Amino acid sequence: MDYALIIATALGAIALYLLLPRGRANMVKLGGLASVLAMGVGITYLIHWTAAAHAGHTGIIENLFFYAFAALALVSAAGVVCHPKPLYAALYFVLMTLAVSGLFIMLMAEFIAVVLIIIYAGAILVTYVFVIMLASQGGQTPAAQYDTNSSDGFMAVFVSFVLLGTVLQAIFCAGPAGFMHSLPAPHAVAHGLGSLEVLGANLYSRYALPLELAGILLTISLVGAVMIARKNEPVAHVLGTGDLPAE
Amino acid sequence: MVGVFIAHLIFALVMLGMVTGIIAYLILLERKTAAWIQDRIGPNRVGPQGLLQPLADGVKFILKEEFMPIHADKILFILAPIVIIAPALCGFAVIPWGGDLAAGTALPKFLGGWAFPHTFHVMVANPQIGVLFVIAMASLSVYGVVLAGWASGSKYSFLGGLRATAQMISYEIPMVLSLLSVAVVAGTLRLGPITDLQATYFSSVSFLPAWNVFTQPVAFLLFVTCIFAESNRTPFDLAECEQELVGGYHTEYSSMKFALFFLAEYSAMITGSAVAVALFLGGWHLPWIDQLLYHGAQPVATGWLGMLLKFVVFWGKVIAFLFFYMWVRWTLPRFRFDQLMNLAWRGMIPLSLATFVMASVFVYLRQEGIIEHRGWLLLGNVVLIGIMFAVTELRPADSGNRRMYVLNSRYNPIPASAKAELESAV
Amino acid sequence: MQTFGNPMLYHYLALGAALFTLGLIGFMVRRNMIMIFLSTEIMFQGIAINLIAFSRYWQNADGQSFVIFILTVAAAEASLALGLVVMLFRRRQTLNVDTWSEMQG
């Protein structure tokens, strides 16, 4: 058991519970304070842990980029979950995607990082934003009632953070045999990890069949999306058409 | 290593200066081009031949009243111009504009005089995913348009934003595929090597440089069409067409915020042109001169003087391409929205897929040793165009343009009985 | 061999777990259909961080390949889900997921 970890998790749970949209009586400022506290405790814990593993070397400077990207990712993920306006939430998601792709670059996965931006920010989120725009009016309109009232906030936060606490305990209390290793230094990484050639060779030799299946999945979803989105009701009430509906 | 770092810093500054300088004079060039095409004189009052016009425009933008509509979403309204300009400027980072600097070239004395330990490309950054980085930045630029349209709280802006979104995601697909078919043949995603690869000539037709525009003309056409669409210029400017939407997504913007949209459009144009030049038009390669001077291909790695020459050649090509951009804008009429979507989804996406498959087949054949030179791709492209025309002939004819009757309009020619029937059907 | 200058494995694992949790909460709490799908995408990214971190740790490209598959699934899911959401929105003119609860009995 690690009490600092439990405190950080509990603070995070409180913060998120306070931040959840709940109509007029929202407590965003209090929740923000709690989340800052939670992240502060969490980062302090991580620094302390790094110092313990590295014989007093805290690694604050070296890990500055990690902490910055991680904080950005967490804050914007909380923004996605908690912002009452769907468009803002979608933008927070784009921010989170950028932060995560920054982390991927730190992990020597440049290709994945850029593909993440292209697919998530460039394709998926644009279509989400498109639907959000279709469904809501632009400008300064009040958020819909179902967006400002979250359902079962307490239970959801409680269950999820118990899960998080358990996972974190498992990660940090696994002892030296667990996850306490540092990642290999960039110059020590073998096999040209992160190069396009290695990734491509891996995808097209070892995972050739799954890759083909993924392609088939995409094709099926393309056909399916076209079938679902096909208009089977006349649009005449919007425009009026040259050819009258057959029925 | 310090020398390399300083050199990259200089490259970044040069790039930034070039871009902002070019943008200012691009606006003048645009107005002069428009005047030339419409048989007018154009701006000629400020300075000699109107050369100080950009300064006057800038001062005017700064002095205009900053205006925000009362229904606007304040945060997003301010955020939108920032979001649109940042990715537009980021794309320059991976564009190679001066060939390679040879190992041993030293920085000038006043910068420390460090010599470079190895040859490197003259560009701000050379990640192994260069082409994908350009695509990623292009795909991020749609958010500025969307936010501007949504945050303004005005119908025209909103419609402009919706149109821009649909248009940009549609035209991104053929753009990516045409870029990838170039990258597949080059075997790398770095822009520098792709450019260097083009500094040769066809083996059989030795006067024709083996630029990608000559080996893969279909991909080039697709790419050019797509960058026109991505930068929202006529004939694809449905997101901001004056006759229908006032100003489209930037209707409600004024002063410097509007100027930022303007700058973003022009910097997107410059990025697009620079990518087109680097990937398709040979980059820094000046054809024929190298045959005369070197009796062979131009050397890829040079010293500072060579870099300067390549710089001039590269930017000369970019400016020529930008002129082509403007020429098209003031010549072609605008598409209708369904025509725009048809062009992307029923014309360009199948064609770009075919180009990509053809490039892959070429790479396979080259690997097997059946064909050697990239010139064979030209033959493949010609065949592809032939097949395209044949398929167009075979395809069932479109229903053509239909009349759209608008219910409840006083110009509605539908007889009252048919109207009642239609409404009951609804 | 201890090397400094890199975050260690648990940094990334903790972040991935936290992102997954946030997505889970969003999935359970939000009533807007689009927000529910966005929350699942957050969970995907939390998992992707774990996979990439392990791929870096074992110096093996398998984790990156898995993330490619995750992205494929996410794209397929997004296209179908948005098609469905648009269809449902056309029927009821709202994105509230509670309006589609007749099947509860």
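Taken together, B:ALA259, B:ALA239, B:ALA276 contain a single residue that is more than 30 Å from B:TYR201 (Cα to Cα), at pLDDT 80 or above and crowded, with 17+ Cβ neighbours inside 10 Å, which is B:ALA259. Listed by first and then second residue, the pairs linking a residue in the range C:80-97 that is more than 7 Å from chain A (Cβ to nearest Cβ) and more than 19 Å from C:GLU41 (Cβ to Cβ) to a residue that is surrounded by fewer than 17 Cβ atoms within 10 Å (Cβ to Cβ) and among the β-branched types (Val, Ile, Thr), with Cβ atoms under 7 Å apart and 6 or more places separating them unless they lie on different chains, are C:ARG92/C:THR99. Take the range A:102-116 and flag every residue that is within 25 Å of C:ILE34 (Cβ to Cβ) and either surrounded by fewer than 24 Cβ atoms within 10 Å (Cβ to Cβ) or more than 10 Å from chain B (Cβ to nearest Cβ) (or both). Listed by number, the list holds a single entry, A:VAL115. The conditions of being more than 7 Å from every other protein chain (Cβ to nearest Cβ), in a helix (DSSP H, G or I), in contact with a Gly (Cβ under 9 Å, 6 or more places away or on another chain) and touching a residue at least 12 places away in the same chain (Cβ under 8 Å) are met by C:GLY46. If you check C:ARG31 against the conditions, is it more than 7 Å from chain A (Cβ to nearest Cβ) and either surrounded by fewer than 23 Cβ atoms within 10 Å (Cβ to Cβ) or of a type outside the set (Lys, Arg) (or both)? So C:ARG31 fails the test. When the range C:55-68 is filtered for residues that are out of contact with any Leu (no Cβ under 8 Å at 6 or more places or on another chain) and within 7 Å of chain A (Cβ to nearest Cβ), only C:ASP62 remains. Residues considered: C:LEU24, C:LEU82. Of these, the only one that is buried (at least 23 other Cβ atoms within 10 Å of the Cβ) and part of a helix (DSSP H, G or I) is C:LEU24. On the basis of being within 26 Å of B:GLY282 (Cα to Cα) and part of a helix (DSSP H, G or I), does B:ALA148 make the cut? Answer is no for this residue.
Conditions (1) touching a residue at least 60 places away in the same chain (Cβ under 8 Å); (2) within 20 Å of the chain's Cα centre (by Cα), marked per residue:
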| residue | (1), (2) |
| --- | --- |
| B:ALA166 | yes, yes |
| B:ILE169 | no, yes |
| B:LEU180 | yes, yes |
| B:ALA183 | no, yes |
| B:ARG190 | yes, yes |
| B:ILE194 | yes, yes |
| B:SER203 | yes, no |
| B:ALA210 | yes, no |
| B:VAL213 | yes, yes |
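When B:PHE77 is tested against the conditions (1) modelled with pLDDT of 85 or more; (2) surrounded by fewer than 16 Cβ atoms within 10 Å (Cβ to Cβ), the lone failure is (2).
Looking at the range B:99-118, can you tell me whether even one residue there is surrounded by 24 or more Cβ atoms within 10 Å (Cβ to Cβ), hydroxyl-bearing (Ser, Thr, Tyr), more than 25 Å from A:MET108 (Cβ to Cβ) and touching a residue at least 24 places away in the same chain (Cβ under 8 Å)? No; the residues of the range B:99-118 include none that is surrounded by 24 or more Cβ atoms within 10 Å (Cβ to Cβ), hydroxyl-bearing (Ser, Thr, Tyr), more than 25 Å from A:MET108 (Cβ to Cβ) and touching a residue at least 24 places away in the same chain (Cβ under 8 Å).
May I ask you to verify whether A:ALA89 is away from chain B (no Cβ under 14 Å) and at negative phi? Judged against the criteria, A:ALA89 is not a match. Every test in (1) assigned to a helix (DSSP H, G or I); (2) within 29 Å of A:ALA123 (Cα to Cα); (3) more than 7 Å from every other protein chain (Cβ to nearest Cβ); (4) modelled with pLDDT under 85 is passed by A:ALA170 save one, and that test is (2). Considering the conditions (1) within 11 Å of chain A (Cβ to nearest Cβ); (2) touching a Ser or Thr at 6+ places or on another chain (Cβ under 7 Å); (3) buried (at least 24 other Cβ atoms within 10 Å of the Cβ); (4) within 23 Å of B:PHE314 (Cβ to Cβ), B:MET137 is excluded by exactly one of them, (2). Restrict the check to the range B:51-73 and report whether at least one residue is within 19 Å of B:PHE311 (Cα to Cα), at pLDDT 80 or above and in a loop (DSSP other than H, G, I, E, B). The answer is no; no qualifying residue exists.
Taking the range B:323-375 as the region of interest, how many residues are crowded, with 17+ Cβ neighbours inside 10 Å and either assigned to a helix (DSSP H, G or I) or without any contact (Cβ under 8 Å) to a residue 24 or more places away in the chain (or both)? Qualifying residue count, the range B:323-375: 18. The residues of the range B:29-50 that are of a type in the set (D, E, K, R) and either within 17 Å of B:PHE323 (Cβ to Cβ) or not in a loop (DSSP other than H, G, I, E, B) (or both), listed by number, are B:GLU30, B:ARG31, B:LYS32. When B:SER181, B:SER204 are checked against the criterion of being at pLDDT below 80, over 22 Å from B:MET123 (Cβ atoms) and more than 11 Å from every other protein chain (Cβ to nearest Cβ), B:SER204 stands alone in meeting it. B:THR105 - would you say it is in contact with a Gly (Cβ under 6 Å, 6 or more places away or on another chain), modelled with pLDDT under 85 and among the hydroxyl-bearing types (Ser, Thr, Tyr)? Considered against the rule, which asks whether it is in contact with a Gly (Cβ under 6 Å, 6 or more places away or on another chain), modelled with pLDDT under 85 and among the hydroxyl-bearing types (Ser, Thr, Tyr), B:THR105 comes out as yes.
The values are calculated or read from the model by the stated rules, or taken from the named source; none is laboratory data. Just so we're clear, the structure is a prediction, and the values are computed from it rather than from any experiment. Ideal geometry is used to build each Cβ from the backbone, glycine not excepted, and the neighbour counts take in all protein chains shown.
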